[in-house]
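Below you'll find the structure, written out as structure tokens, and then a few comments.
The values are calculated or read from the model by the stated rules, or taken from the named source; none is laboratory data. Given the structure is predicted, the values throughout are model-derived calculations rather than measurements. Cβ sites come from the backbone with ideal geometry, for glycine too, and all protein chains shown count toward neighbours. In case anyone asks, the SASA skips ligands and DNA or RNA and just uses the protein heavy atoms, side chains included. Shrake-Rupley method; radii C 1.70, N 1.55, O 1.52, S 1.80 Å.
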Amino acid sequence: MSPLAPWLADAWRTLAGALAGGRLHHGLLLAAPAGYGKRALADALVAAALCQDRGPDGHACGRCRACTLLAAGTHPDRVHITFEVNPKTDKLRTEIVIEQIRDLSQRLALSSQFGGLQLAIVEPADRLNAAAANALLKTLEEPAANTVIVLVADEPARLPATIRSRCQRIDIRPPAPDEALAWLRGQGIAAERAAAAFEASLGNPGRALAWCADDTLAVRSGCADDLAALAQGRRTATEIADRWVADQPETRLWFAAALARDEAQRLARGETGRFGLTTRDEIPKLAAWFGRANAARGLLATTLRADLVLLDLLRTWPVRGAPH
Ligand SMILES: [Zn+2]
């Protein structure tokens, strides 16, 4: 049985078919939002490419010498490039730097120790800095024989077009709700909780699973309560901004934006919104607020004061009965 989630099946068939036919592209770009399972797909491809006894479904056997080395993290023909600790600051970097790409190119220039393919996973490829991206472009333009570089990116548009044009792009389709819910239940999540988390995640199974493992769903309910209280004048924007800035402000803004969108959709269907908003006049205000909430989420990463960013946003939440 495939170890991959069902919505990865189409992408897997493409990759496994190319591998079996000996025509795997030397630069692959796996593109999908975080939470869709890109990394699992990349890992399955690398495992299959290195395995000495692939199964009929194209997957690695999990038992041969290559599979054993891979599982131990010691297979010499697999390279993983991701954020490294900066020795000057002792902190994990938030970008992939040129030295890492230079090391990768040198390593791929040597021949494979097992006589097969050498594969590198670069993740997150959309966080290569400019110099690293330039170096990677050169490697992609003059690939060493029998090498495959797998770029894994949540936001492929952030990659330079020159790199994208050198890669075969593999898109992962959004999961259908029934297959995502079945998958979540297969991970040990009760049906009702799985459904709530999947809805809250706007259809993202990986995110839903992560939220089931911690208290993030409670955070969402808290945001909904706060926005209802704000709309009804029971709490002030300042109180809520203080509360949000102290605990997971980015996640709260993500939920707040999604809740505004939900509310607009309810009103558009002629239903009463969950925040006590009742008229269709509120729809454009909610749509504008959705955009502002997402913009505010981006501002949290800047030097602006987070409490003021939140306060500015919350002050524009449509208050029931108030003219805007
Ligand atoms: Zn194997």
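Out of all the residues in region 126-167, which are within 23 Å of Ser111 (Cα to Cα), open to solvent by 70 Å² or more (accessible area, probe 1.4 Å) and of a type outside the set (Gly, Ala, Ser)?
Lys138, Glu141, Glu142, Asn146, Arg166
I want to confirm something. Restricting to region 201-228 and keeping residues that are at pLDDT 90 or above and among the acidic types (Asp, Glu), which single residue is most open to solvent (accessible area, probe 1.4 Å)?
Asp225
In the list Leu28, Leu104, Leu108, which residue meets the criterion of being assigned to a strand (DSSP E or B), crowded, with 16+ Cβ neighbours inside 10 Å and more than 16 Å from the ligand (Cβ to nearest atom)?
Leu28
Name the single residue, out of those in region 39-55 being over 22 Å from Gly115 (Cβ atoms) and open to solvent by 10 Å² or more (accessible area, probe 1.4 Å), that is nearest to the ligand (Cβ to nearest atom).
It comes out as Ala40.
Is it true that Ala231 is more than 21 Å from Ala197 (Cβ to Cβ), among the aliphatic types (A, V, I, L, M) and open to solvent by 10 Å² or more (accessible area, probe 1.4 Å)?
Considered against the rule, which asks whether it is more than 21 Å from Ala197 (Cβ to Cβ), among the aliphatic types (A, V, I, L, M) and open to solvent by 10 Å² or more (accessible area, probe 1.4 Å), Ala231 comes out as no.
In this structure, is Asp262 at pLDDT below 90 and either surrounded by 12 or more Cβ atoms within 10 Å (Cβ to Cβ) or at negative phi (or both)?
For Asp262, the condition - at pLDDT below 90 and either surrounded by 12 or more Cβ atoms within 10 Å (Cβ to Cβ) or at negative phi (or both) - is met.
I need the full set of residues from region 1-11 which are open to solvent by 20 Å² or more (accessible area, probe 1.4 Å) and either hydrophobic (A, V, I, L, M, F, W, C) or closer than 21 Å to Pro156 by Cα (or both), in order please.
Met1, Leu4, Ala9, Asp10
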